[in-house]
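Let me begin by presenting the structure, written as structure tokens, before commenting on it.
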Amino acid sequence: MNLLSIGGSDPSSGAGIQSDVKTFDYLNAYGLTVITAITGQNTSNFGMIQPVSKIILKNQLDFLFSDFIIHGIKIGMVYNSELIKIIYDKLKTLTIPIIVDPVIKSTTGGILIKKSAITDFKKYLLPIASVVTPNQFEAEFISGSKINSKKSLKRVAEIIQKMGPKNVAITGLELKKNYVTDFILTDRQEFFEKRKIKSINHGSGCNYSASMLFSMAQGKSIIESAKFAQKFTYDSIKNAQKVGKGVVITHKNQDPINLELSSAIEKFTEIKKISQLIPECQTNFVFSKKYPKSIKDILGISGRIVKNGVNVTKIGNLEYGGSKHVATATLIMNKKFPSIRSALNLKFQTDTIARLKKNDFIVKSYDRTKEPKSIKNKEGFSIEWGISKAIKDSTIPPDAIFHKGGFGKEAMIIIFGKSPNAVIEKISRVFTI
Ligand code: PXL
């Protein structure tokens, strides 16, 4: 997934486009950037702003749009009217999610939009927004109206919605002691509360809009995306780091599940003659959170590990819910054996089965030709049925489960383990790495 952030450069990397690249990267999306202005700032003070010229802004946009498929755009700092109009011209006909994050003032006091640009900001950018994400100050500034009660909050959100954006998310409201609330106005109204973390940070506004964009670009609803963004932002504030001498900078620690799966995928692709082990339907490799409730808790490859001559290549990104079959197999296995959280599928070969058995691995199987019709006809149910059947009498988790195929169904082996490294370890005992 390719996401574009249009905004200002913050050399402290706490906010602006640098922060957005970090967020997109953390979420396994590819971050593209178009810089509208260069700022001089650190965690204590705000220095200068130098907007870019019209032609270089247009040139950046032209070069990205002529090359990349872009799945969502976030607009942050825009600074002046002429830049606003160029952005509008380029984006006005797009149908992908566009989040406009009104960036007016920095934590350290920098004014990030010229006074003379406010009218055009409202006239051009708000109407092209799928969602606009102001904080309380920004919402009051745009609407020209104060928020001091739930009633006035709703009124302010409605005033902004009338300016053109389909949805409005007013973030970080302090409506209740010790809590912060996000208010979401779509065709209905929602309040999302979270306990307040007492810290003045740099970056949370950018984290919110960038993570919300990711969720929307994945096709999630505004409400789901607002929840996702609230959690992402909360975690990034909780984890904020004192990098400079001033305010802390929001930060997300790398997901350990993602780190281990990524490195195991790399090890897998380096196994000698590995392409011989890849089935026609290609390979997926998954790693589950502890106690997964559904395949949405299981990280997998949104594409596959595919044959590429004698080598193999990973296509797509790691995403929770990215795999259906191997993730379902893991989910079923995990229900009976909670320590098993990772799996990978290989081409069925009798030689592989023989090697697994020779290495004292526990190998189970099921027969797809015995699958009841009612299950066969339901997409995704076969694997659930098969794995359950294979482990029905098991008291210790098998290392591998295979089936020899059925009419129109490719035979397959799934290797299971506690973690991706454990799966790789098993494969490396059977094949030379
Ligand atoms: O947090 C909003 C923001 C966005 N973009 C840039 C910034 C800031 C805040 O400092 O500097 C470039």
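Screening the stretch 1-36 for residues that are free of Cβ contacts under 8 Å to residues at least 60 places away in the same chain, among the aliphatic types (A, V, I, L, M) and within 10 Å of the ligand (Cβ to nearest atom) and picking the one that is nearest to N258 (Cα to Cα) gives I17. Can you tell which of S44, S116 is free of Cβ contacts under 8 Å to residues at least 60 places away in the same chain, assigned by TED's automatic domain parsing to the domain that holds A139 and more than 29 Å from the chain's Cα centre (by Cα)? Matching residue, one of S44, S116: S116.
Among the criteria (1) assigned to a strand (DSSP E or B); (2) away from the ligand (no atom under 16 Å from the Cβ), the one V156 does not fulfil is (1). Is it the case that A390 is of a type in the set (A, V, I, L, M, F, W, C), in contact with a strand residue (DSSP E or B) (Cβ under 6 Å, 6 or more places away or on another chain) and either under 21 Å from P279 (Cα atoms) or in a strand (DSSP E or B) (or both)? Against the criterion (of a type in the set (A, V, I, L, M, F, W, C), in contact with a strand residue (DSSP E or B) (Cβ under 6 Å, 6 or more places away or on another chain) and either under 21 Å from P279 (Cα atoms) or in a strand (DSSP E or B) (or both)), A390 qualifies. Has the stretch 53-74 got at least one residue that is touching a strand residue (DSSP E or B) at 6+ places or on another chain (Cβ under 7 Å), near the ligand (Cβ under 10 Å from one of its atoms) and touching a residue at least 24 places away in the same chain (Cβ under 8 Å)? No. Going through I278, I223, I200 one at a time, which residue ends up being at pLDDT 95 or above and of a type in the set (V, I, T)? Testing whether each residue is at pLDDT 95 or above and of a type in the set (V, I, T) leaves just I223.
Scan the stretch 243-254 and tell me whether some residue there is surrounded by fewer than 22 Cβ atoms within 10 Å (Cβ to Cβ), closer than 30 Å to K314 by Cβ and basic (K, R). First the steps, then the outcome.
At the first step, the residues of the stretch 243-254 found to be surrounded by fewer than 22 Cβ atoms within 10 Å (Cβ to Cβ) are 243-248, 251-254.
From what is left, the residues that are closer than 30 Å to K314 by Cβ are 251-254.
So of that shortlist, the ones also basic (K, R) come out as 252.
Yes; the residues of the stretch 243-254 include at least one that is surrounded by fewer than 22 Cβ atoms within 10 Å (Cβ to Cβ), closer than 30 Å to K314 by Cβ and basic (K, R).
The number of residues in the stretch 158-180 being surrounded by 15 or more Cβ atoms within 10 Å (Cβ to Cβ) and farther than 17 Å from V131 by Cα comes to 3. When restricted to residues that are aliphatic (A, V, I, L, M), within 14 Å of the ligand (Cβ to nearest atom) and outside any strand (DSSP E or B), the stretch 107-139 contains 1.
The residues listed here are K296, K273; of these, the one that is in the same structural domain as L344 (by TED's automatic domain parsing), in contact with a Phe, Trp or Tyr (Cβ under 6 Å, 6 or more places away or on another chain) and surrounded by fewer than 17 Cβ atoms within 10 Å (Cβ to Cβ) is K296. Could you please let me know if S81 is among the small types (G, A, S), more than 16 Å from the ligand (Cβ to nearest atom) and farther than 30 Å from I56 by Cα? No. Are any of the residues in the stretch 79-92 under 29 Å from V243 (Cα atoms), under 28 Å from the mean Cα position of the chain (by Cα) and of a type in the set (K, R)? Looking for residues that are under 29 Å from V243 (Cα atoms), under 28 Å from the mean Cα position of the chain (by Cα) and of a type in the set (K, R), one finds none in the stretch 79-92, hence no.
For the stretch 140-149, the condition of being in a loop (DSSP other than H, G, I, E, B), crowded, with 18+ Cβ neighbours inside 10 Å and either β-branched (V, I, T) or touching a strand residue (DSSP E or B) at 6+ places or on another chain (Cβ under 6 Å) (or both) holds for at least one residue. When the strands (runs of 3 or more DSSP E) confined to the stretch 272-384 are screened for residues that are free of Cβ contacts under 8 Å to residues at least 60 places away in the same chain and at negative phi, those reaching at least 2 such residues are found at 285-288, 298-301, 304-308, 311-315, 363-365.
Answer with yes or no whether I98 is within 12 Å of the ligand (Cβ to nearest atom) and surrounded by 21 or more Cβ atoms within 10 Å (Cβ to Cβ). Let's see the steps before the verdict.
Numbers: within 12 Å of the ligand (Cβ to nearest atom): no; surrounded by 21 or more Cβ atoms within 10 Å (Cβ to Cβ): yes.
Against the criterion (within 12 Å of the ligand (Cβ to nearest atom) and surrounded by 21 or more Cβ atoms within 10 Å (Cβ to Cβ)), I98 does not qualify.
At least 2 residues being touching a residue at least 24 places away in the same chain (Cβ under 8 Å) and within 16 Å of the ligand (Cβ to nearest atom) is the threshold, and among the strands (runs of 3 or more DSSP E) wholly inside the stretch 160-223 those reaching it are 167-176.
The values are calculated or read from the model by the stated rules, or taken from the named source; none is laboratory data. Quick caveat: nothing in here was measured; it's all calculated off a predicted structure. All Cβ positions, even for glycine, are placed from backbone atoms using ideal geometry, and neighbour counts span all protein chains on display.
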